[in-house]
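The values are calculated or read from the model by the stated rules, or taken from the named source; none is laboratory data. Given the structure is predicted, the values throughout are model-derived calculations rather than measurements. Cβ placement follows ideal geometry from the backbone for every residue including glycine, while neighbour counts extend to all protein chains displayed. Each accessible area value is taken on the protein alone, full model and side chains, heavy atoms only, with ligands, DNA and RNA left out. Shrake-Rupley method; radii C 1.70, N 1.55, O 1.52, S 1.80 Å.
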Amino acid sequence: MRVYVPLTLPGLAEAHKAGELGPAPLIAYGVTPALREWYVSDDIEELEYAALSRAAQASLRQLAVDRQAPRRRVVVAVDVPDADAVADPDRGFDHSSLGEVRIALPVPLAKAAAVHVDSDDAERDVAAAAEALGAADIGDDDAQFTVDGAEDHELLWYDAKEIPDLVG
């Protein structure tokens with residue numbers, strides 16, 4: 001199963017240094033039954049893009065907590081055995097956890113298929129979205145508009161071999 005692990009640039013640097021994504025349990029996003037039902041598509045590429053988008057939202061939440069991190073969302077795509085990516089059956093249809101899976105063990109960074117990162121051009125919108133997240137969560141429509149502005153930026157694709165350049 002392809003899963004998408006949300007990070008920040010400092011988190012990616014730590015993973016690069018450690019040689020693994022962790023610590024366990026690791027929260028990631030994948031094509032779960034609940035995500036399939038919510039997205040209503042049979043196209044695996046569309047479903048994986050939806051899972052990637054969910055991970056990008058989770059990365060934004062990490063940026064809201066880590067105010068020192070560069071304002072760029074980071075998502076690492078890794079392939080893990082299906083049995084290793086476990087969705088919580090009690091939260092499967094909770095909108096806030098759509099596509100969320102837990103991985104019980106750290107994942108070697110060597111298993112990374114790709115890394116997705118915001119461009120420098122997105123930093124201002126991502127910074128504003130991270131600041132507005134709390135207000136958006138409690139129903140502020142203007143704040144939600146600001147958060148949605150970050151989603152207007154497509155994450156750039158990088159080969160996993162480019163991680164040293166991204167964190168260097």
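Odds and ends about this structure:
- Taking helices (runs of 4 or more DSSP H) as the structural unit, those lying wholly within the stretch 1-96 and holding at least 1 residues that are within 18 Å of Tyr158 (Cα to Cα) correspond to 9-18, 44-65.
- Single residue of the stretch 108-127 satisfying the filter (assigned to a helix (DSSP H, G or I) and touching a Gly at 6+ places or on another chain (Cβ under 7 Å)) that is modelled with the highest pLDDT: Asp125
- Looking at Glu37, Glu48, Glu14, just one residue is surrounded by 14 or more Cβ atoms within 10 Å (Cβ to Cβ), more than 24 Å from Ala150 (Cα to Cα) and of a type in the set (Asp, Glu), and that residue is Glu14.
- Residue check: Arg61 meets all listed conditions (1) among the charged types (D, E, K, R); (2) farther than 14 Å from Pro106 by Cα; (3) more than 11 Å from the chain's Cα centre (by Cα); (4) surrounded by fewer than 18 Cβ atoms within 10 Å (Cβ to Cβ) but one, namely (3).
- Where Ser53 falls short, out of the listed (1) under 12 Å from the mean Cα position of the chain (by Cα); (2) modelled with pLDDT under 90; (3) of a type in the set (Ser, Thr, Tyr): (2)
- Any hit, the stretch 105-115, residues being among the aliphatic types (A, V, I, L, M) and open to solvent by 40 Å² or more (accessible area, probe 1.4 Å): yes
- Residue check, Ala83 open to solvent by less than 40 Å² (accessible area, probe 1.4 Å), of a type outside the set (S, T, N, Q) and either more than 21 Å from Glu123 (Cβ to Cβ) or in contact with a strand residue (DSSP E or B) (Cβ under 6 Å, 6 or more places away or on another chain) (or both): no
- Any chance Gln68 is surrounded by fewer than 14 Cβ atoms within 10 Å (Cβ to Cβ), in contact with a Pro (Cβ under 8 Å, 6 or more places away or on another chain) and either modelled with pLDDT of 95 or more or of a type outside the set (Val, Ile, Thr) (or both): yes
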